[in-house]
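Laboratory data are not the source of any read-out in this text; all were calculated from the coordinates shown. Only a predicted model underlies this, so the values are computations on that prediction, with no experimental measurement involved. Using ideal geometry, Cβ is built from the backbone for each residue, glycine included, and neighbour counts are taken over all protein chains shown.
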Amino acid sequence: MTRMFQLLCGAAFATALVLSAARAANADAILAKQSIAVAVELQAHAMNLDDGWSTTEAALQQAQAAYAKHDYAMALAQAQHAQKLARISIAQAESQKKFWRNEVAN
Amino acid sequence: MRVLFVVLGMLLIAPLVQAAPPSVAVEPAADLKAFRTNFRSQFPDLLLNGYVNGPYNFSKSERTQWNQIMEFPPYEFALQEGKELFETKFPDGKSYASCFPNGGIGIAQTYPKFDAISSKVATLGIALNECRDAHGMQPLNLTKGPPAAIETYMVHTSRGKPIDVTIPDDPRALAAYEAGKEYFYSRRGQLNFSCASCHVQAAGKRLRGDVLAPALGIAAIFPIYRSKWGDMGTLVRRFIGCNKKVNAQPVKADSARYRNLAYFLTYMSNGLPMAAPGARP
């Protein structure tokens, strides 16, 4: 009876562990997916400003490839890197967009 | 007292009211003149027609190598292939010649053109694809391969003719020209270079092992055989390559950005003789 109880407890614990791991993995996947989506939007904005960077695109592709392989930690890291690059490119484009005419005179 | 309040109020509001930006007149002819003057002051000894020789004006050793290469021009194979492709009939019995004035012979110097119907600039490559589309054929890649070969043949029939790109007095055409000009002078990419950074400000100087070609005359030699590519490439292929070099994400080959850039850049070479197909390191 005690043995049976121990087995049941073990099974319940293992199930809880698996469920919790699955939930954590699912949360990582959602987070990575959201980060990729934000990076995609930022890169599209940068491209509209004629200043999308190929390095942003490369990071984005790596994020998407990692996501496809269920490597959510890598996907998240690369997506965040892509976001940073895209934000810098947008700031660069916006800060000098109005100055392009000056270069004609130079 | 009331007057004082009104005056004070106006003084407070004044900085918030932005004056409307002065409308900048689009004057392609004035731009062309300024563009040439800039290069003339940079290279006073270089004759205008000499600009079509690009980097070979600035490096004796490269010019010697080029002269040797041109004894057996590397674009000859593309010329032959292009002629065959140009003359090949479509399934409906027509050929490319049916889509162009004068059967497509000796007309390449007038491209890019502004198409008033589509409100877009059409480069020669795009005109070829539109021709294919009109005859039920799939469009071709605009950067290399068969279209580059067909363009090679077509521009060869215009060799020596002065570039004659027209910008009609149509606000849409002027806007396309202005957009191309803006693209040319705007910095972009992680390295923050504009087209002008290399091909105006640093023209004739070295970038690592390469001599930078002046923007003036650069459009006169495309399509080119580049030793680096090992085959022919169109002007848009070069745009994509330049974008990649400064870590800027290239846009689609048939995008408005590249069409307009080609429009501006080729117009800037108006009057110079067509020297295409060319050969470059």
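Say each of B:Ala29 and B:Lys244 gets a label point 7 Å from the Cα, pointing the same way as Cα to Cβ; how far apart are those two points in nm?
Distance between label points: 4.1 nm.
Dipole of the range B:76-156 (Lys/Arg Cβ +1, Asp/Glu Cβ -1, origin at the Cα centre): which of B:Tyr96, B:Thr123, B:Leu140 lies farthest to the positive side?
B:Thr123
Using a 10 angstrom Cβ neighbour count of at most 16 plus a DSSP loop assignment to flag exposed trypsin sites (Lys or Arg not before Pro), which longest range of chain B is free of such sites?
Within chain B, the longest run free of exposed trypsin sites (Lys or Arg not before Pro) spans B:1-88.
Step through the residues of the range B:99-110 one at a time and calculate ³J(HN,Hα) from phi using the Karplus curve (6.51 cos²θ - 1.76 cosθ + 1.60, θ = phi - 60°), rounding each to whole Hz and writing x for Gly and Pro.
After applying 6.51 cos²θ - 1.76 cosθ + 1.60, I find 9, 10, x, 6, x, x, 8, x, 10, 5, 5, 9 Hz.
Compute, for the protein assembly as shown, the length of the dipole vector about the Cα centre, with Cβ point charges of +1 (Lys, Arg) and -1 (Asp, Glu) only. Units Debye, rounded to 20.
So the magnitude is around 880 debye.
Which lysines, on any chain, are close to B:Lys60 with Cα under 21 Å apart, when same-chain ones fewer than 8 places away are left out?
B:Lys205, B:Lys228
So how far apart, in nm, are the two label points at A:Ser20 and A:Ala58 if each is 7 Å from Cα heading toward Cβ?
Computed distance between label sites A:Ser20 and A:Ala58 equals 4.1 nm.
Starting from 0.36 nm per residue, how many nanometres of slack lie between B:Asn49 and B:Lys94 once their C-alpha separation is accounted for?
That works out to 12.5 nm of additional length.
Considering every residue in B:179-186, what mean count of other chain Cβ atoms within 10 Å of its Cβ is obtained?
Average neighbour count from other chains, rounded to a whole number: 4.
Going by amide H atoms built from the backbone, whose H comes under 5 Å of the H on B:Gly278, apart from near neighbours?
Those qualifying (amide H under 5 Å, at least 5 residues apart or on another chain) are B:Ile224, B:Tyr225.
Helix B:2-13 against the longest principal axis of chain B: what's the angle in degrees, Cα atoms only, rounded to the nearest 10?
Once rounded, one gets 30 degrees.
Where does helix B:60-69 land angle-wise versus the long Cα axis of chain B, in degrees 0 to 90, nearest 10?
40 degrees
Cα-Cα over 27 Å: which of B:Lys33/B:Lys244; B:Lys89/B:Lys244; B:Lys33/B:Lys161?
Pairs exceeding the cut-off: B:Lys33/B:Lys244; B:Lys89/B:Lys244.
Only helical DSSP H runs with n ≥ 4 go in: add -39500 (n - 2.57) per run for chain B, normalise by residue count and round the 222 nm mean residue ellipticity to 500 deg cm²/dmol.
My calculation for chain B gives -12000 deg cm²/dmol from helical runs alone.
Under 5 Å between amide H atoms, partner at least 5 residues away or on a different chain: which partners does B:Asp231 have, H built in plane at 1.01 Å?
Counting only residues 5 or more places away or on other chains, the set is B:Arg226.
What net charge do the residues around B:Pro73 carry, taking every other residue with its C-beta under 15 Å from that of B:Pro73, with Lys and Arg at +1 and Asp and Glu at -1?
Local net charge: 0.
Using the C-alpha gyration tensor of the protein assembly as shown, what are the square roots of 5 times its eigenvalues, in whole angstrom, with the largest one first?
Each semi-axis is √(5λ); the values are 48, 34, 22 Å.
Under 8 Å for C-alpha pairs, at least 6 residues apart: give me the relative contact order for the range A:26-97, rounded to a whole percent.
Once divided by the residue count of the range A:26-97, the mean separation gives 42 percent.
Can you list the lysines whose alpha carbon sits under 21 Å from that of A:Lys33, skipping same-chain ones fewer than 8 residues off?
Excluding near neighbours in sequence, the set is A:Lys69, A:Lys84.
Quick check on chain B: what are the equivalent-ellipsoid semi-axes from the Cα gyration tensor, as sqrt(5λ), descending, whole Å?
Working from the Cα gyration tensor, I get semi-axes of 39, 25, 17 Å.
Through the Karplus equation 6.51 cos²θ - 1.76 cosθ + 1.60, θ set to phi - 60°, convert the phi angles of the range B:195-201 into ³J(HN,Hα) values in whole Hz; use x for Gly and Pro.
Per-residue couplings from phi come out as 4, 5, 4, 8, 9, 10, 5 Hz.
Please go through the range A:5-70 and write out the trypsin sites (Lys or Arg not before Pro) that DSSP classes as loop and that have at most 13 other C-beta atoms within 10 Å.
Sites meeting the loop and neighbour criteria: A:Lys69.
For A:Ala73 and A:Phe13, FRET efficiency with R0 = 35 Å and r from the beta-carbon atoms, rounded to 0.05?
According to the calculation, E is roughly 0.85.
With contacts defined as alpha carbon pairs under 8 Å and 6 or more residues apart, what's the relative contact order of chain B in percent?
Here the relative contact order equals 25 percent.
Rounding to the nearest 10 and keeping the result within 0 to 90°, find how far the Cα-based axis of helix B:256-267 lies from the longest principal axis of chain B.
With rounding to tens, the tilt is 80 degrees.
Give me the net charge of B:Leu261's neighbourhood, meaning all other residues with Cβ under 11 Å from the Cβ of B:Leu261; Lys, Arg count +1, Asp, Glu -1.
That works out to +2.
For B:Ala256 paired with B:Ala175, estimate the spin-label separation in nm (one decimal), with each label point 7 Å from Cα along the Cα-to-Cβ line.
0.7 nm
When Cβ neighbours within 10 Å are restricted to other protein chains, what is their mean count per residue of peptide A:42-53?
Rounded to a whole number, the mean comes out at 4.
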